[in-house]
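These notes concern the structure reproduced below.
The values are calculated or read from the model by the stated rules, or taken from the named source; none is laboratory data. Here the structure is a predicted model, which is why all the values come from computation and not from measurement. Neighbour counts are summed over all protein chains in view; Cβ atoms, including those assigned to glycine, are modelled from backbone coordinates with ideal geometry.
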Protein chains: 2
Amino acid sequence: MTQQTLKRIELKPIGIIRSPYSDAQNMPIQGRFKDEVEACAELLPEYEDGLRDLDGFTHAILLYHFHACDREELLARPLLEQEKHGIFAIRSPYRPNHIGLSIVKIKKIEGHKLYFTEVDVFDQTPLIDIKPYVKQFDHREHTKSGWIDKHFEGGQIPEGTILKA
Amino acid sequence: MTQQTLKRIELKPIGIIRSPYSDAQNMPIQGRFKDEVEACAELLPEYEDGLRDLDGFTHAILLYHFHACDREELLARPLLEQEKHGIFAIRSPYRPNHIGLSIVKIKKIEGHKLYFTEVDVFDQTPLIDIKPYVKQFDHREHTKSGWIDKHFEGGQIPEGTILKA
């Protein structure tokens, strides 16, 4: 790999996420497991035009920085079990580059603010990107989800999808 | 927003994507529209352990840097139509921070190399993260895809999903 390829990349947050979760207490491990709580992605005002027409979509993909995360692990325990897995096979924040991804449900857009539900993000999280969730691009049939499937056998939602602390 | 929140974030690529697409010719706008072509995400060897157990998943989410992209636009034309939309309502690379996202189909993992199909990424693209695609986390029912839905009415795949140049 060349030096050019591996050169560092500098990102500038486009805004912040304002969420009712100041800590993990009662936060879902993924937004769809607790879908009534509302949060807001507040963009810097200069990015407001970028939100145009996003209100025609029901869902958006947020990319953000796990800013409270101070270490990297290559093998780590996910929230659903005690077994360790490779960091690229789980959704833990302790991953290289500390980038998080959430699919959220759009409630409304007002100016430079996007209000949404299906929240699994801490308050004050720096926002890096918003993409429309597009069924025709992003949905996959006939998937297997490795170590995760056993926790959802029979369509059950397992314990541990809502955090205790 | 505080200075802390808006502070710049430095990423280090975890590897590169080796793809047969050196330019846009014949590349699909999204990987699922041309699913036979194979590519490889080659991690730096020190990240190999992070891939453990990813082979139990059928699909992965790749995050990468649109390294060939030299400008930002807040309103831009998507590949499917001439109408301009907000950059956060389309998947164009000309977005702030130039971060791309692809859902790919895992073929095999050998050492620090992940081979996949459903490729829509240029050769030599710097890789930032790999996440498992998890149906139980990432699938959404009853979605609307704004300006995009009309192009897929009746389940048709529109012209323009495979690039000409």
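Quick look at the numbers
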| quantity | calculated |
| --- | --- |
| Test for residue B:73: is it under 24 Å from residue A:11 (Cα atoms) and part of a strand (DSSP E or B) | no |
| Residue within the stretch A:134-141 that is touching a Lys or Arg at 6+ places or on another chain (Cβ under 8 Å), under 30 Å from residue A:46 (Cα atoms) and of a type in the set (A, V, I, L, M) present | yes |
| Candidates B:114, B:63, B:51 - the one that is touching a residue at least 12 places away in the same chain (Cβ under 8 Å), in contact with a Cys (Cβ under 8 Å, 6 or more places away or on another chain) and crowded, with 19+ Cβ neighbours inside 10 Å | B:114 |
| Residue under evaluation residue B:131, criteria (1) facing chain A (nearest Cβ under 10 Å); (2) surrounded by fewer than 19 Cβ atoms within 10 Å (Cβ to Cβ); (3) touching a residue at least 40 places away in the same chain (Cβ under 8 Å), criterion not met | (2) |
| Test result for residue A:80, modelled with pLDDT of 95 or more and either of a type in the set (Phe, Trp, Tyr) or more than 21 Å from residue B:76 (Cα to Cα) (or both) | no |
| Residue in the stretch B:29-41 that is farthest from residue B:112 (Cα to Cα), counting only those that are assigned to a strand (DSSP E or B) and either more than 10 Å from chain A (Cβ to nearest Cβ) or touching a helix residue (DSSP H, G or I) at 6+ places or on another chain (Cβ under 6 Å) (or both) | B:38 |
| Odd one out for residue B:6, checked against (1) at pLDDT below 95; (2) more than 7 Å from chain A (Cβ to nearest Cβ); (3) surrounded by fewer than 19 Cβ atoms within 10 Å (Cβ to Cβ) | (2) |
| Check on residue A:57, of a type in the set (Phe, Trp, Tyr) and more than 7 Å from every other protein chain (Cβ to nearest Cβ) | no |
| Qualifying residues in the stretch A:83-119 (those that are of a type in the set (A, V, I, L, M, F, W, C) and assigned to a loop (DSSP other than H, G, I, E, B)) - the one farthest from the chain's Cα centre (by Cα) | A:90 |
| Residues located in the stretch B:98-111, provided they are over 30 Å from residue A:14 (Cα atoms), without any contact (Cβ under 8 Å) to a residue 60 or more places away in the chain and within 12 Å of another protein chain (Cβ to nearest Cβ) | B:106, B:109 |
| Residue tally, condition in contact with a helix residue (DSSP H, G or I) (Cβ under 6 Å, 6 or more places away or on another chain) and either within 20 Å of residue A:128 (Cβ to Cβ) or among the hydroxyl-bearing types (Ser, Thr, Tyr) (or both), over the stretch A:66-102 | 7 |
| Number of the exception - residue B:154 against (1) farther than 19 Å from residue B:90 by Cβ; (2) free of Cβ contacts under 8 Å to residues at least 60 places away in the same chain; (3) within 10 Å of another protein chain (Cβ to nearest Cβ) | (3) |
| Flag if residue B:11 is surrounded by 20 or more Cβ atoms within 10 Å (Cβ to Cβ), within 10 Å of chain A (Cβ to nearest Cβ) and farther than 23 Å from residue B:150 by Cβ | yes |
| Some residue of the stretch B:66-79 being at the interface with chain A (Cβ under 7 Å from one of its Cβ atoms) and closer than 24 Å to residue B:146 by Cβ | yes |
| Index of the failed condition, residue A:18 passing every other in (1) within 8 Å of another protein chain (Cβ to nearest Cβ); (2) among the basic types (Lys, Arg); (3) touching a residue at least 24 places away in the same chain (Cβ under 8 Å) | (1) |
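So that you can scan it fast, the table gives a plain yes or no per residue for (1) facing another protein chain (nearest Cβ under 10 Å); (2) surrounded by fewer than 21 Cβ atoms within 10 Å (Cβ to Cβ); (3) of a type in the set (Phe, Trp, Tyr):
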site	(1), (2), (3)
A:85	yes, no, no
A:90	yes, no, no
A:95	yes, no, no
A:125	yes, no, no
A:137	yes, no, yes
A:144	yes, yes, no
A:161	yes, yes, no
